[in-house]
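Structure, as structure tokens:
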């Protein structure tokens, strides 16, 4: 390295330190920026409206007048450059997997940071295509906002569109708020953090399903508490015939509450997530202790069903921020998420069951081995339970209100209906089996 | 066996019917409860907000707060000028802690300190005693001042770059009175409530986006609301109490039993515009809010804790964030509470807060502002010297007139 380049490096380092240590420094990379976008296909044109603060566009020099106010009479070219270089060049749009050509910039203009017209597409479109700010408006350049309308040529407005918004270089933390408005369809809102990759704005059912199978698979494998619960379920029943009703009960139960939570039927209160997390830990402690004491195998499916309801709410917390990628296939995506969970469980069972069999055959007698494993599991879950209960205690108990009681009654009603079905279906099956056929009665 | 099954089936059916009826009845009750009764926003103090300041910085008397369009909270405080020597040994180089923070501070919603700046600089006259802060629709920061010679207001960018000074410092000094000594002595200064250039110790500024006009609560020496062009600073109009031409003749001490005075008392402490374009003016010592059109036509007035003497009860206001701005939240730095007022009737609905040093209590609650979620922010003057956040917990039935300290229910 030459002395000259060394001096350059040192100077750059010192300048960086000065910026970090000091207050605001010109052309700083902003801490956080929100980019607002609307995407609307209409006929053979796809319109994209974008809004971004000027302070995130420091790579472009905006012409200024006295006191660093933006010179609105000479700013158009700089706004076009910023729109192209920093927005459209980092925005990839696809129509049925075919990348769209570069867009036409219909309008690029400055707005005040207090402007609220990006609340809806129509308001934003009217704002961007309407009269601009008077040329004598005084806006300090870093306090302005760039609003842009891009138009992309498309084949059809009912095609499947996807978007890759790579605006992550505009600030240390970038959130892209994207609203997709398909023709005649309901608006779909996405909140993408950093570079979220390619997002299908109107995913087909198999695309949504594939995404959610993967999510479910990853979720169960990343949740140690769910896996320990599974271990507690299977350790006394390592044969498929005895396992099937229990695992089925767990699957049905967690599917019920997972879907209910996705349809906003779960309590929307701060105490609810820690309550569920505490109950999940408690479920592991209970099953581990029951296994130690010796499981009542006959009733295991009932308790598994009840705990499955609790775990379903737990699964739903992991889904909250990803349901935006389901498009119009919410039920499909939820079922796919469940499939992913089951696949993950099957993988774990496929690994655990042979290992347990080997362990109990060659290393440790089954009863003693079970007790040792369950003591370890119970000990771990006990600590989780206490930690989670500590979090739960920080929230006040909900006050009893008529609305809260009504919500509780709805859940109780669901449970009673399920219990009635569980009682009635086997009864009807037995009756159908015991009734003599016409042929036999005639004989 | 058959009769047993019938019996179980009947029990299930009866339970389902009972639960369905019960649920409908409770839903109806809940709807009725929500529609009836006297309701007001409920708040809880957030004792963990804001986060500790860096560099061993501490606040002085905190006399202004505003929330900008990004929901960032801005305050102005008097820093070292109001800190005793034993509060700032680091600054005095006699110990490790503490030092006065820069006068203008910006916090994010998480309570992190973002930008910080302020103090004397080139091209402008920093107030002797800064007072009130406002962030306008263009993102500019406005600051007033109520020190002895302060008769001007300043406008900066959010980074602290100077943009404009309106009025000249010292304009209210009496002819012949020497500058530089006894600046706090009122006898050296005289009000000038009809001055078209300078002010008289400005308390607060509010900029109307629609007309690009700044409303000046003017002030601790003058007795008026002044309206300026927000870009040029040119005076456009002004008025006194009841829309009268302001008169600087000193008023007798406030007497709750006397007829309301036809002029504002000092200080005129706020002049904020509501969504229906009415100007609400705090006559702090007169314990009253007066409401005007933007042109200065008097509409109505309301009195609050009318027996409050000395510094008065009407310190500062913030409007609730619902579409109609149904409520006004008024800081009352003598009685140490925030008054929740029905905006249309100017009737007090409830109050919260109490005097004291703990979170949720006040010592000289001076200024108040609200964010987009309806959370309130207060700053305290005198030795209060702090910024607090009160979290909006939604509308709730009013159970008590004075709620006292709104401590978090979870603690």
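The values are calculated or read from the model by the stated rules, or taken from the named source; none is laboratory data. These numbers come from a predicted model, not from an experiment. When we count neighbours, we look across all protein chains shown, and the Cβ atoms used for this are built from the backbone with ideal geometry, even at glycine.
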Subset of region A:100-125 (residues that are closer than 24 Å to residue A:188 by Cβ and in a strand (DSSP E or B)): A:106
Evaluation of residue A:350 against (1) in contact (Cβ under 8 Å) with a residue 24 or more places away in the chain; (2) part of a helix (DSSP H, G or I); (3) within 29 Å of the chain's Cα centre (by Cα) (one fails), failing number: (1)
Residues located in region B:139-160, provided they are within 14 Å of another protein chain (Cβ to nearest Cβ) and either crowded, with 24+ Cβ neighbours inside 10 Å or on the phi < 0 side of the Ramachandran plot (or both): B:140, B:141, B:142, B:154, B:155, B:156, B:157, B:158, B:159
Entirely in region A:184-284, the helices (runs of 4 or more DSSP H) that have 1 or more residues that are modelled with pLDDT under 90 and in contact with a strand residue (DSSP E or B) (Cβ under 8 Å, 6 or more places away or on another chain): A:205-222
Number of the condition not met by residue B:163 [criteria: (1) without any contact (Cβ under 8 Å) to a residue 40 or more places away in the chain; (2) away from every other protein chain (no Cβ under 14 Å); (3) part of a strand (DSSP E or B)]: (2)
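Does residue A:159 fit the bill of being away from chain B (no Cβ under 14 Å), part of a loop (DSSP other than H, G, I, E, B) and either touching a strand residue (DSSP E or B) at 6+ places or on another chain (Cβ under 7 Å) or buried (at least 17 other Cβ atoms within 10 Å of the Cβ) (or both)?
yes
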Selection count, region B:218-273, where residues are assigned to a loop (DSSP other than H, G, I, E, B), surrounded by fewer than 19 Cβ atoms within 10 Å (Cβ to Cβ) and within 14 Å of another protein chain (Cβ to nearest Cβ): 4
Residue check for residue B:293: surrounded by fewer than 17 Cβ atoms within 10 Å (Cβ to Cβ) and more than 22 Å from residue B:208 (Cα to Cα): no
Candidates B:318, B:331, B:314, B:305, filtered to the one that is crowded, with 18+ Cβ neighbours inside 10 Å, at pLDDT 95 or above, within 12 Å of the chain's Cα centre (by Cα) and not in a strand (DSSP E or B): B:314
Criterion (at pLDDT 95 or above and buried (at least 23 other Cβ atoms within 10 Å of the Cβ)) met by exactly one of B:325, B:388: B:388
Hits in region B:370-411 - residues which are within 13 Å of chain A (Cβ to nearest Cβ), out of contact with any strand residue (DSSP E or B) (no Cβ under 6 Å at 6 or more places or on another chain) and part of a loop (DSSP other than H, G, I, E, B): B:372, B:399, B:407, B:409, B:410, B:411
Residue list for region A:236-259, restricted to those being more than 24 Å from residue A:381 (Cβ to Cβ) and either touching a residue at least 60 places away in the same chain (Cβ under 8 Å) or not assigned by TED's automatic domain parsing to the domain that holds residue A:290 (or both): A:259
Output for region B:118-138, where each listed residue is within 13 Å of another protein chain (Cβ to nearest Cβ), in a loop (DSSP other than H, G, I, E, B) and touching a strand residue (DSSP E or B) at 6+ places or on another chain (Cβ under 7 Å): B:118, B:123, B:136, B:137, B:138
